[in-house]
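Here, each number is a calculation from the coordinates, and none is a lab measurement. Here the structure is a predicted model, which means the values were calculated and not measured. Note that each Cβ is placed from the backbone with ideal geometry, even for glycine, and that neighbours are counted across all protein chains shown.
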Amino acid sequence: MTPLPQKIFNTGKTDYEAPEILLGSDPGLFDTINKHYPTLWKLYKTLKSQDWDENEFDYAPCNVQFKTCDKSTYDMMVKTLAWQWEADSVAARSIAAVLAPLCTSSEAWAGWVEITRNEIVHAATYSEIVRNSFDNPDDILEEILSVKEAMARLEVVGEAFGDALATSQAYARGDLPNDQRVFDAAYLFVVTLLCMERIQFMASFAVTFGICESTGLFQPIGKAVQKIAQDEFEVHVQYGKEVLKALYKTPRGQAAFANCRDSIVAIINEVVASETAWTEYAFSEGRELTGVTCQMMKDWVYFSATDVITFFALEAEASFPLVRTNPLKYMENWLDMGKIQASNQEEDTAQYKVGVMKRDDEDAVFAVDF
């Protein structure tokens, strides 16, 4: 009988009690007996409980609203949806593809697979928004792909993801050893993913919610994107931070931070620069957002980026103003699902979770008198 390749199933795995998240002993049994990273497992379970489907919202009213709203609102919403669709398509295809050969923890892998599946729902949601909100969705698809400024926002992330994918594939083929260089590439991928989700996604959500808030239009789109924002803000971002904190407790993780320090600073600063450039473009050519100025939106980008650069304790190397007070108060309602109370009978609501019932009477013995 030919044994399974070690990278497929490692029969000699000996580190079940304390597996490394990245590039440890090759995986064997998927282990839920030993939970070395309980916070990651909890976040994985949280995301599962928030499971939802891209077709839960009726976008039919948006079809009429896109036809009748002013050009400024139309352009800003379409251009924002363009980037959101593209970015989630990238995330949906990249996370598992990069990390599959590198992740050696059952808990961490479960979380990343669930996040990948969740990103597929996000990307499908934007696709369904376009399919249902326009008479000729293929024309809008072409229009979205023609927004070069949206694609430019992905250059920094795309380059880092591409480098990580090439390294991961080379490692999987056996062309690269399990060394610090490969670890650094995986580490930097996690950092870049955090920047994408905590800075770029949040900047994009602010535009979508700003339009819904100020005009009262596109509420089904707003509700759907609110579900996406909940997933990203409550789970994806926290997951990335928890992974990085866990990695920093290891010698390899500390070496990766030291080796990648300049790259981390550069990625954060370049992401902020691309987002502020996009913001200036979004507010150009006569486009405006009632109650929100271009500077307020830039400050929101700085506010989001301040959280990331503070997480790494690299504030002194920021090339942007550190903003620690939320400049867009309406985002507090859109990012906190509990603050928006809607009856299921009155409108589509994003405020629910599945699988939240849990038995607490297992193994209990009850006296029953027949």
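Summary table below
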| read-out | value |
| --- | --- |
| Pair A316, E288: separation of 7 Å Cα→Cβ label points (nm) | 4.4 nm |
| 3J(HN,Hα) from dihedral phi, region 36-53, Karplus parametrisation 6.51/-1.76/1.60, rounded to Hz, x for glycine, proline | 7, 10, x, 5, 5, 5, 5, 5, 4, 5, 4, 5, 4, 5, 9, 4, 8, 10 |
| Euclidean distance of C-alpha centroids, region 18-85 and region 124-182, integer Å | 15 Å |
| Share of alpha-carbon pairs per 20 Å distance bin for the chain, given as whole % | 27, 54, 17, 1 |
| At most 13 other Cβ within 10 Å, DSSP loop - GluC sites (Glu not before Pro), region 1-99 | E17 |
| Sequence-distant lysines (8 or more away, or on other chains) whose Cα lies within less than 19 Å of K67 | K79 |
| Space enclosed by the convex hull of the alpha-carbon atoms of region 78-213, per residue, Å³ | 115 Å³ |
| Reachable lysines from K249, criterion Cα separation under 30 angstrom, eight or more residues apart if same chain | K7, K13, K35, K42, K45, K48, K241 |
| Label-point separation in nm, A273 to L141, each point 7 Å along Cα→Cβ | 3.5 nm |
| Trypsin sites (Lys or Arg not before Pro) restricted to DSSP loop in region 244-345 with at most 13 other C-beta within 10 Å | K249, R324, K329 |
| C-alpha long axis of helix 237-248 to longest principal axis of the chain, angle in ° | 30 degrees |
